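The values are calculated or read from the model by the stated rules, or taken from the named source; none is laboratory data. From a predicted model like this one, the values you see are computed outputs, not experimental measurements. We place every Cβ from the backbone using ideal geometry, glycine too, and count neighbours over all the protein chains shown. Just so you know, the surface numbers come from the protein's heavy atoms only, side chains and all, with ligands and any DNA or RNA stripped out. Shrake-Rupley method; radii C 1.70, N 1.55, O 1.52, S 1.80 Å.
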Amino acid sequence: MRVLSLLWLALALSLSGVSATTWREAIPSTGVEAGDPNCQGDKKSPVNPNVNVPCRCPPTANAIADAVASATGGGATFPKGTDVESQIRRIEITLSAIQTLKCPASSTTLLGRLQSLTACRTNPNAGPQCSNPASTNGGSAGGTTAPANTAPSNGGGGGGAAAGAATDFRTLIPATGAAAGDPNCQGDKKSPVNPNINVPCRCPPTDTAIAQVVAMRTGNGATFPTGADRESQIKRFEITLSAIQTLKCPASSTTLLGRLQALTACRTNPSTAGC
């Protein structure tokens with residue numbers, strides 16, 4: 001049975017036009033040295049010295065590749081194009097794999113690279129990554145990621161206040177989609193989006209904790225997007241996910257990433273349900 005499974009996987013990869021070595025090489029690198037899997041403490045984030053991340057993070061390239069393989073049928077569905085959307089999707093999948101391994105995005109440089117690529121969607125002249133994403137953002141050794149859209153179907157705000165006033169920014173923070181964890185809990189629980197994945201039982205953070213980090217990042221909401229358009233929704237999801245990861249909780253402890261992906265799908269296919 002094992003041999004048959006391997007033969008089937010090899011056939012699927014050959015039909016998809018990508019070899020096992022090729023898809024692994026296309027996984028964006030974390031941008032930093034892997035952490036010590038046995039380390040129990042914290043260290044400074046490589047992208048924000050004011051943020052601590054587990055010193056065991058980021059995971060090794062092999063651990064990430066194994067998680068990506070598990071999520072993509074051994075690489076069969078891993079995007080292999082050189083276009084911006086394929087680059088974005090590869091970073092999204094890689095970030096999800098890293099979070100599955102209980103490491104925050106802030107333990108890597110992937111989120112910043114993702115944001116530079118997503119900027120190309122609305123401004124093709126945003127930078128050299130827009131014309132040559134593979135070399136600038138690391139098609140095989142670099143990376144990127146993305147978020148979500150409409151308020152009614154994807155939780156544009158935890159409350160539902162009309163977008164616009166700076167005082168309303170807290171009500172525009174997307175809800176996590178799951179009950180807040182117990183801050184004092186030390187164990188694990190099942191992810192609300194994948195029962196095969198464990199997440200810290202202290203996650204997701206409380207709405208108040210998330211709002212405090214968002215406030216710190218956005219000048220108390222002054223730069224938090226308030227528009228009702230899709231791109232503003234996406235940016236709100238990105239900022240909120242980053243805040244949650246700063247609080248050392250993975251995206252998989254929420255439903256945010258799936259809702260973000262549903263919104264980003266609208267960029268290439270506006271006729272998708274929910275767009």
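Would segment 52-62 turn up any residue that is in contact (Cβ under 8 Å) with a residue 12 or more places away in the chain, in contact with a strand residue (DSSP E or B) (Cβ under 9 Å, 6 or more places away or on another chain) and crowded, with 19+ Cβ neighbours inside 10 Å?
Within segment 52-62, one or more residues are in contact (Cβ under 8 Å) with a residue 12 or more places away in the chain, in contact with a strand residue (DSSP E or B) (Cβ under 9 Å, 6 or more places away or on another chain) and crowded, with 19+ Cβ neighbours inside 10 Å.
Looking at segment 197-254, which of its residues are open to solvent by less than 10 Å² (accessible area, probe 1.4 Å), among the hydrophobic types (A, V, I, L, M, F, W, C) and over 15 Å from residue 172 (Cβ atoms)?
Residues satisfying the conditions are 199, 203, 244, 249, 251.
For segment 255-275, name all the residues that are open to solvent by 20 Å² or more (accessible area, probe 1.4 Å) and closer than 29 Å to residue 101 by Cβ.
255, 257, 258, 259, 261, 262, 265, 267, 268 - these are the residues of segment 255-275 that are open to solvent by 20 Å² or more (accessible area, probe 1.4 Å) and closer than 29 Å to residue 101 by Cβ.
One line per residue, one yes/no per condition, for (1) aliphatic (A, V, I, L, M); (2) under 13 Å from the mean Cα position of the chain (by Cα); (3) within 26 Å of residue 268 (Cα to Cα):
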| residue | (1), (2), (3) |
| --- | --- |
| 47 | yes, no, no |
| 60 | no, no, no |
| 75 | no, no, yes |
| 89 | no, yes, yes |
| 97 | yes, yes, yes |
| 103 | no, yes, no |
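Given the conditions (1) under 16 Å from residue 93 (Cα atoms); (2) among the polar types (S, T, N, Q); (3) not in a helix (DSSP H, G or I), report the number of the one that residue 252 does not fulfil.
(3)
What single numbered condition from (1) buried (at least 20 other Cβ atoms within 10 Å of the Cβ); (2) modelled with pLDDT under 80 fails to hold for residue 128?
The one condition residue 128 does not meet is (1).
Could you run through segment 78-133 and say how many residues are charged (D, E, K, R) and part of a helix (DSSP H, G or I)?
Looking only at that region, the number is 6.
Run down 36, 42 and say which single residue is more than 20 Å from residue 243 (Cβ to Cβ) and among the charged types (D, E, K, R).
36
Among 259, 202, which is the only one that is without any contact (Cβ under 8 Å) to a residue 60 or more places away in the chain, at negative phi and not acidic (Asp, Glu)?
Answer to the check: 202.
Can you find, within segment 17-35, the residue that is surrounded by the fewest Cβ atoms within 10 Å (Cβ to Cβ) among those that are over 14 Å from residue 65 (Cβ atoms) and at pLDDT 85 or above?
Per the criteria, the residue is 33.
If I ask for residues that are at pLDDT 85 or above, assigned to a loop (DSSP other than H, G, I, E, B) and either open to solvent by 40 Å² or more (accessible area, probe 1.4 Å) or within 21 Å of residue 186 (Cα to Cα) (or both), which ones from segment 36-51 would you list?
36, 37, 38, 39, 40, 41, 46
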